[in-house]
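Student: The structure that follows is given in the form of structure tokens.
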Amino acid sequence: MEKTMKNSYIVSILSGMNSAEGRALQDKHLPIKLLYALRRSLPEVEAAYKAYLTSLTDICNRYGTTPDKTTAADPSQQADLAAEVTELLNTETTVRVHTVPAEVLDTCGEGGLDPLTYKDVDRLWWLMEETDGD
């Protein structure tokens, strides 16, 4: 399934998955469908992030800075830099995601599967199938 996501959400997904808790989540005994969806979809999100980071680097280079600083070398250009970075973060992109029904989360903690914390569920929500109520 293709999902449209803002770059800010893609950054958030990878920040969550690359945190210590996110890496621990990937090591949990999860339902096969969920684990497969995560492993199948994460490279797609990483590819979208790479395109975002390349664009962010280009923007920062124009203002004499780097993505980890995002402070313009010329203070008079800071507002322009901030506007371009904000525009990039708000840009939507389509990412191919292998989704699963949210009900698969209900099986976590049962039958030898590890339980999920609220933060775990939040980190995995992008993999859930959209319903009419979403």
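The values are calculated or read from the model by the stated rules, or taken from the named source; none is laboratory data. Just so we're clear, the structure is a prediction, and the values are computed from it rather than from any experiment. Don't worry about glycine lacking a Cβ; one is built from the backbone with ideal geometry, like all the others, and counts go over all protein chains shown. Areas reflect the complete protein model, heavy atoms only, side chains present, ligands, DNA and RNA absent. Shrake-Rupley method; radii C 1.70, N 1.55, O 1.52, S 1.80 Å.
Student: Filter the range 99-127 for residues that are within 20 Å of the chain's Cα centre (by Cα), farther than 16 Å from LEU14 by Cα and not β-branched (Val, Ile, Thr); which is most open to solvent (accessible area, probe 1.4 Å)?
Tutor: The residue in question is TYR118.
Student: In the range 49-85, what residues are within 17 Å of VAL11 (Cα to Cα), open to solvent by 80 Å² or more (accessible area, probe 1.4 Å) and either in a loop (DSSP other than H, G, I, E, B) or among the hydrophobic types (A, V, I, L, M, F, W, C) (or both)?
Tutor: Those that are within 17 Å of VAL11 (Cα to Cα), open to solvent by 80 Å² or more (accessible area, probe 1.4 Å) and either in a loop (DSSP other than H, G, I, E, B) or among the hydrophobic types (A, V, I, L, M, F, W, C) (or both): ASP68, LYS69.
Student: Among the listed residues GLU46, GLU21, GLU2, which satisfies the condition of being open to solvent by 70 Å² or more (accessible area, probe 1.4 Å), within 26 Å of TRP125 (Cα to Cα), in contact with a strand residue (DSSP E or B) (Cβ under 7 Å, 6 or more places away or on another chain) and in contact (Cβ under 8 Å) with a residue 12 or more places away in the chain?
Tutor: GLU2
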